[in-house]
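Taken together, the values in this text are just the output of simple stated rules run on the coordinates, not laboratory data. Predicted, not measured: the structure shown is a model, and the values here were computed from it. For neighbour counting, all protein chains shown are included, and Cβ atoms are generated from backbone atoms with ideal geometry for every residue, glycine included.
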Amino acid sequence: MTKLWGGRFTKATDKLVEEFTASIEFDKELALEDIQGSLAHVQMLGDTGIIPLEDVDTIKSGLSTIEQKILSGDVEFSVSHEDIHMNIEKMLIDEIGPVGGKLHTGRSRNDQVATDMHLYLKKKTNTLIELLESVQHAILKKAKENVYTILPGYTHLQRAQPVSFAHHLLAYFWMLERDKERLQDSLKRIGWSPLGAGALAGTPFPIDRQQTAMLLGFDKVYPNSMDAVSDRDFIVEFLSHASLIMTHVSRLSEELVTWSSHEFNFVELDDSFCTGSSIMPQKKNPDVPELFRAKTGRVYGNLIGLLTVLKGLPLAYNKDMQEDKEGMFDTVKTLDGTLRLLAPMIETMTVNQGNMYKAVSQDFSNATDIADYLVTKGLPFRQAHEIIGKIVLHAINQQKFLLDLNLEEYQQFSPLFNEEIYQVLQPKQVVEARMSEGGTSFAQVEKQMELAETFLSK
């Protein structure tokens, strides 16, 4: 089959080369964006007098027909036409005749594909921002239900201090808020239009790049045509942001997997988000958050893959850049699927408040509060720290917890202790005492939730 660019060639493309270099199997994902860009381009060609207005109407009609066929699934893409651009151009010429060949006036596949990816990523980024907000809403809802639920807070995976479960959950709310803001900020770079840059040097035709940018909803045009066709920073930036989002999702997933184990039994995921064992009938496996953890690796890989593709490329366009798409598509699909599952999984999980409270009642996570208590009695913190360390060791040797020690035992280590210590050591009091801004006290958590509501309402 004769190629649309085949005039200079005397031999047909080797069949293996054709299959190896073709991108239609994955860049067909850009079909609607390709038509969107073409509609803006042909409108500009007519408005600037580069092609007759009657040809513009014919081409637009043909593109609309192809668009409807694509939406209805009534098209077959061909490897022999290499990519989405040549496939659609061939369909257009078959649909309306040779006039369809005028569409490519004043542009190249180089600026065309860059435009398609800007349009695609702009649309997908806005969708992902909405999905991040849905997860934030789910976290905030679950936090509101658990302000007074107390569980151990950990450092080094060792029990550290009791915290409100709402406070713990809201840590992830703010991670996702930063993720959302990064995506929102990236729209500034995604919103640059490369259309009209040509192959690399622009075009002799009197095109109006500002018009096509406006028609496509872009904020500005690339000032340099070589940069326009070779820039993939906006995809790298997206993959970087996506990697960080998946990092945060993976951290939360790790906690959900751990918390739902028999040893912790802090939460139970809804049956609809778990699977069973083919041999062990008692099993309820948290497969969904486990897969979230694993899929984080493929998103990282897509970022490193594109960075590696770009690192040694001379200006301007190179065929290497064909490798920019599959990782982008895969990351969008992975992130979209993850966030759509994460929100309802959080909303439907059961919080075992009693088990959480039992955990903070049978540990030494209230030890710091004894030190703080002695500091209020005038003892320097370092001395108080040493005393409490000895008290903890004594309790361990006696197989007791701090609330189990009697006052005489406390007074063996310092005469400053009195009956107040038993109130100080209550888990609820330990949490309530953290009144500093951003702390875990119930009042501060309530303020934090109000602030979270404000961010979501922007």
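For the pair residue 78 and residue 285, how long in nm is the line joining their label points, each one 7 Å along Cα→Cβ?
4.6
Using Cα-Cα distances under 8 Å and only pairs 6 or more residues apart, what relative contact order does the stretch 6-105 have, in percent?
Relative contact order for the stretch 6-105 comes out at 38 percent.
Using the Cα centre of the chain as origin and beta-carbon charges of +1 (Lys, Arg) and -1 (Asp, Glu), tell me which of 39, 56, 136 is placed farthest towards the positive end of the dipole.
136
Using r as the Cβ-Cβ distance of residue 12 and residue 171, and R0 as 56 Å, what FRET efficiency do you calculate, to the nearest 0.05?
0.40
Say R0 is 25 Å: what FRET efficiency, to the nearest 0.05, do residue 382 and residue 411 get from their beta-carbon distance?
0.75
Using a cut-off of 27 Å between alpha-carbon atoms, which lysines can reach residue 390, once sequence neighbours fewer than 8 places away in the same chain are excluded?
Output for residue 390: 358, 377, 400, 428.
Please report the relative contact order for the chain, taking Cα pairs under 8 Å with a sequence separation of at least 6, and give it as a percent rounded to a whole number.
This gives 16 percent for the chain.
Placing +1 on the Cβ of each Lys and Arg and -1 on the Cβ of each Asp and Glu in the chain, which of 152, 191, 172 has its Cα farthest towards the positive end of the resulting dipole?
So the residue furthest toward the plus end is 152.
Can you return the aspartates and glutamates within cross-link range of residue 220? Criterion is Cα-Cα under 13 Å, with same-chain partners fewer than 8 residues away left out.
Of all the aspartates and glutamates, those that pass the test against residue 220 - Cα under 13 Å, at least 8 places apart if same chain - are 208.
Could you compute the FRET efficiency for residue 298 and residue 141, with r as their C-beta to C-beta distance and R0 at 25 Å, rounded to 0.05?
It comes to 0.25.
In nm, what is the difference between 0.36 nm times the number of residues separating residue 127 and residue 311 and their Cα-Cα distance?
63.3 nm
Which listed residue (313, 264, 455) has the Cα farthest towards the positive end of the charge dipole for the chain, taking +1 on Lys and Arg C-beta and -1 on Asp and Glu C-beta about the Cα centre?
The Cα lying farthest towards the positive end belongs to 313.
Here are some pairs, 284/333; 11/124; 141/325; 69/180; which of them have Cα atoms lying more than 32 Å apart in this structure?
Too far apart for the 32 Å limit: 11/124; 141/325; 69/180.
Treat every Asp and Glu Cβ in the stretch 359-457 as -1 and every Lys and Arg Cβ as +1, leave all other atoms uncharged, and give the resulting dipole magnitude about the Cα centre to the nearest 20 debye.
260
Using +1 on the beta carbon of Lys and Arg, -1 on that of Asp and Glu, and nothing else charged, what's the dipole of the chain about the Cα centre, debye to 20?
So the dipole magnitude of the chain works out to roughly 620 debye.
Through the Karplus equation 6.51 cos²θ - 1.76 cosθ + 1.60, θ set to phi - 60°, convert the phi angles of the stretch 200-211 into ³J(HN,Hα) values in whole Hz; use x for Gly and Pro.
6, 10, x, 9, x, 6, x, 6, 10, 5, 5, 5
Among all stretches of the chain without exposed GluC sites (Glu not before Pro) (DSSP loop, at most 11 other Cβ atoms within 10 Å), which one is longest?
77-262
Tell me what the chain gives for mean residue ellipticity at 222 nm when only DSSP H runs of n ≥ 4 count, each as -39,500 (n - 2.57), the sum divided by the residue total, rounded to 500 deg cm²/dmol.
Rounded to the nearest 500, the figure is -20000 deg cm²/dmol.
Scale the Cα Rg of the chain by the rule-of-thumb value 2.2 N^0.38 Å and send over the ratio, two decimals.
So the Cα radius of gyration is 1.35 times the expected 2.2 N^0.38 Å.
Please give the charge dipole size of the stretch 7-159, origin at the Cα centre, charges +1 on K and R Cβ atoms and -1 on D and E Cβ atoms. Round to the nearest 20 debye.
I would put it at about 860 debye.
Hey, got a sec? Which chymotrypsin sites (Phe, Trp or Tyr not before Pro) in the stretch 352-455 land in a DSSP loop and have at most 14 other Cβ atoms within 10 Å?
Filter output for the stretch 352-455: empty list.
Using the Cα atoms of the stretch 359-457, I'd like the radius of gyration and the largest Cα-Cα distance, Dmax, both in angstrom.
When restricted to Cα atoms, the stretch 359-457 yields Rg and Dmax of 16.1, 55 Å.
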